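I have placed the structure first, in the form of structure tokens, so that the comments after it can refer back to it.
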Amino acid sequence: MKLIVDSGSTKADWIAIDDNGKILFTTQTLGLNPEILEGDEIVERLNDRFDILQNKKNATHLFFYGAGCGTERMKVELSQIFQSYFSNAIISVHEDTYAAVYATTPKGEEAIVSILGTGSNCSFFDGKELHQKVQSLGYIVMDDCSGNVFGKELIRKYYFNKMPKHLAEQFEKEYDLDPDFIKSKLYKEPNPNAYLATFAKFLIQHKEDDFCKKIIFKGMKSFVKNYIRQYDNCKQVPVHFVGSIAFYLKEELQLTFDKYEMQLGNVLRRPIDGLIAYHVANK
């Protein structure tokens with residue numbers, strides 16, 4: 001049994017397949033980002049899903065693609081946790097960008113591959129290896145155009161009284177904006193980046209409003225300038241995207257790319273289905 005996992009900070013999609021690619025089961029856990037979770041928290045999230053707990057000794061391979069796995073130290077720490085849990089499995093841990101690459105470049109062609117979900121990332125794939133110009137420092141100082149950055153911007157606009165009244169009234173109806181509640185979520189509970197990203201839904205729902213539109217395009221402009229344009233060939237190769245922010249704001253992405261004369265490639269909400277085909281073909 002092979003386990004394939006695509007994990008962001010918010011959630012992780014799991015698919016178990018046999019050697020022929022037949023799906024044995026699918027499930028979902030909370031995100032397993034090693035940069036923001038301790039080992040016992042990761043194990044607790046694994047134990048919370050019966051399919052995973054029941055089959056942990058049956059797994060022969062674990063292919064894990066996750067947010068927070070961009071450094072060697074994080075890969076090693078997470079691999080050790082998984083090896084203890086899935087004792088009979090060969091463990092392979094990659095940063096989440098590789099999942100995006102394998103899902104969006106089925107023929108292994110050169111491309112720039114980006115992630116826009118709870119967090120954000122961008123790499124160049126030369127057909128064999130990933131090359132990254134910007135090392136992510138996480139949600140506090142980076143993650144341009146991501147769900148958590150958009151969420152933070154909305155909260156700031158609301159609290160600084162910069163949000164239009166008609167939107168502020170809707171914002172108050174949809175979210176608990178009590179300052180003590182927000183501070184508890186941000187500073188006392190796990191996954192503050194995932195909490196911030198929950199506000200991005202509001203931005204997408206009201207994306208036709210000029211106020212929201214301005215925030216969206218400002219974020220996309222920042223992502224293009226700070227991430228994509230790091231690569232000299234950004235106008236010569238397609239730029240693929242994976243993630244809910246990219247998926248639900250695809251039209252806005254296309255307008256932004258038209259402005260910068262770049263080629264928008266595949267835009268997928270999640271890469272997990274493409275990973276099945278990849279691992280069957282490369283067994």
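The values are calculated or read from the model by the stated rules, or taken from the named source; none is laboratory data. Everything quoted here is computed from the prediction, not taken from an experiment. All Cβ positions, glycine included, derive from the backbone under ideal geometry; neighbour counts span all protein chains shown. SASA here: full protein model, heavy atoms, side chains in, ligands and nucleic acids out. Shrake-Rupley method; radii C 1.70, N 1.55, O 1.52, S 1.80 Å.
Observations, loosely collected:
- DSSP beta bridges in the chain [antiparallel fraction, %, rounded to 5]: 50
- A convex hull fitted to the Cα coordinates of the stretch 140-212 yields 90 cubic angstrom per residue.
- Computed with a 1.4 Å probe over protein heavy atoms only, the accessible area of T198 comes to about 70 Å².
- For the chain, the relative contact order works out to 19 percent when only alpha carbon pairs closer than 8 Å and six or more residues apart are counted.
- Within the stretch 159-188: backbone nitrogen closer than 16 Å to the K201 label point (7 Å, Cα to C-beta): 170-177
- GNM on the chain, alpha-carbon springs under 10 angstrom: the most fluctuating residue among A246, A59, A99 is A59.
- Cα-based convex hull volume of the stretch 1-123 per residue, rounded to whole Å³: 101
- Amide H contacts under 5 Å for V267, placed H, 5+ residues apart: F241
- Screening the chain for whole DSSP H helices of 30 Å or more along their axis (Cα) with average Kyte-Doolittle hydropathy at least 1.6 returns none.
- Average accessible area per residue (Å²) across the chain - probe 1.4 Å, nucleic acids and ligands excluded: 50
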